[in-house]
Ligand code: HEM
């Protein structure tokens with residue numbers, strides 16, 4: 001899309017911020033992913049919730065592996081070490097009576113490529129950090145329909161009361177690290193992660 005789409009009152013084109021750009025680029029995919037995740041259904045069952053968490057673990061494990069590789073190679077200016085979430089998925093599954101053996105045997109998505117630049121890494125993190133915002137809506141729905149206690153809601157609690165603060169830190173790190181000439185690279189990377197997750201959720 002054109003980075004200079006919107007017009008400010010002076011008539012000068014206004015530049016989109018990186019996160020505005022990523023939101024616009026990925027909007028259709030976000031919509032598609034919402035439609036394949038069943039968690040807002042009033043008749044959601046505990047078994048469906050468990051199956052969903054297993055699928056998410058199978059995607060987040062290799063994805064976080066790529067993020068860890070990236071930060072070992074390029075450093076941690078994006079606070080990647082504070083943004084890992086697979087331990088929350090495992091904790092929820094244990095609380096839902098899935099055995100440690102079954103958790104360890106979860107099939108993993110093997111299509112996730114290494115992350116080779118900061119702009120790409122920002123695209124990946126945009127997807128999983130943005131997901132913590134929508135998670136707050138999902139959490140409320142899970143409590144309403146499944147009456148789950150906090151021990152089974154670790155993943156969808158995410159950063160809890162720190163959610164917005166973590167998002168704002170990410171937004172400013174990302175904006176400082178990615179030059180406007182690399183917005184498209186971040187956008188491509190975010191779209192690719194959404195595409196792979198969608199494919200994974202549909203297939204598994
Ligand atoms: C049923 C499933 C989902 C629902 C209902 C949902 C809902 C939402 C909502 C309400 C927001 C806006 C939150 C706010 O602005 O405070 C949001 C943002 C976002 N969600 Fe989701 N979401 C879902 C699944 C996902 C998944 C699976 C991902 C990716 C792993 C994801 C990635 C994002 C991103 C990147 C944003 C940030 C958009 C921005 O730039 O503002 N969402 N979601």
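The values are calculated or read from the model by the stated rules, or taken from the named source; none is laboratory data. Note that the structure is predicted; figures quoted are calculated from it, not measured. Neighbour counts are summed over all protein chains in view; Cβ atoms, including those assigned to glycine, are modelled from backbone coordinates with ideal geometry.
Quick notes on this structure:
- Among the conditions (1) within 22 Å of residue 158 (Cβ to Cβ); (2) touching a helix residue (DSSP H, G or I) at 6+ places or on another chain (Cβ under 7 Å), residue 34 misses just one, which is (2).
- For region 26-51, the set of residues classified as more than 30 Å from residue 185 (Cα to Cα) and either part of a helix (DSSP H, G or I) or more than 9 Å from the ligand (Cβ to nearest atom) (or both) consists of 41, 42, 43, 44, 45, 46, 47, 48, 49, 50, 51, listed by residue number.
- Exclusive hit being surrounded by 14 or more Cβ atoms within 10 Å (Cβ to Cβ), in a helix (DSSP H, G or I), within 16 Å of the ligand (Cβ to nearest atom) and modelled with pLDDT of 95 or more, set 89, 93: 89
- Any helices (runs of 4 or more DSSP H) falling wholly within region 108-204 and containing at least 3 residues that are over 15 Å from the mean Cα position of the chain (by Cα) and either farther than 20 Å from residue 78 by Cβ or more than 14 Å from the ligand (Cβ to nearest atom) (or both): 118-146, 163-177, 183-203
- Number of residues in region 88-101 that are in contact (Cβ under 8 Å) with a residue 40 or more places away in the chain and either more than 15 Å from the chain's Cα centre (by Cα) or farther than 20 Å from residue 143 by Cα (or both) equals 6.
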